[in-house]
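Here the structure comes first, spelled out in structure tokens, and everything after it is commentary.
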Amino acid sequence: MATTGDRPEVRLVAHCRRCNGWLVSAESVRAGIGPQCAAREAADQRAAAELQPTALTLFDIAA
Ligand SMILES: [Zn+2]
């Protein structure tokens with residue numbers, strides 16, 4: 001394996017927006033959330049959608 005000391009280390013590192021944990025995979029960094037938190041967030045959104053079966057749009061509220 002070639003040495004990596006002669007090239008700058010570019011790391012994609014960010015914090016998960018949900019748990020603030022480190023994101024180390026490029027995919028998670030792009031999404032801004034870890035895979036487990038993404039699954040939990042999706043579940044939360046489904047639950048929220050079920051709580052509000054008739055979602056009001058801005059037009060409904062303004063009318
Ligand atoms: Zn997370």
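In whole Hz and in residue order, list the ³J(HN,Hα) couplings for the range 18-35 that follow from phi through the Karplus curve 6.51 cos²θ - 1.76 cosθ + 1.60, θ = phi - 60°; x for Gly and Pro.
Once θ is set to phi - 60°, the couplings for the range 18-35 become 9, 10, 6, x, 6, 9, 10, 8, 4, 5, 5, 4, 5, 7, x, 7, x, x Hz.
Would you please give the residues with an amide H less than 5 Å from that of His15, counting only those at least 5 places away or on a separate chain, with H modeled from the backbone geometry?
Leu23
Every number here is computed from the coordinates shown, using simple stated rules; none is lab data. No experiment lies behind these values; they were computed from the predicted model shown.
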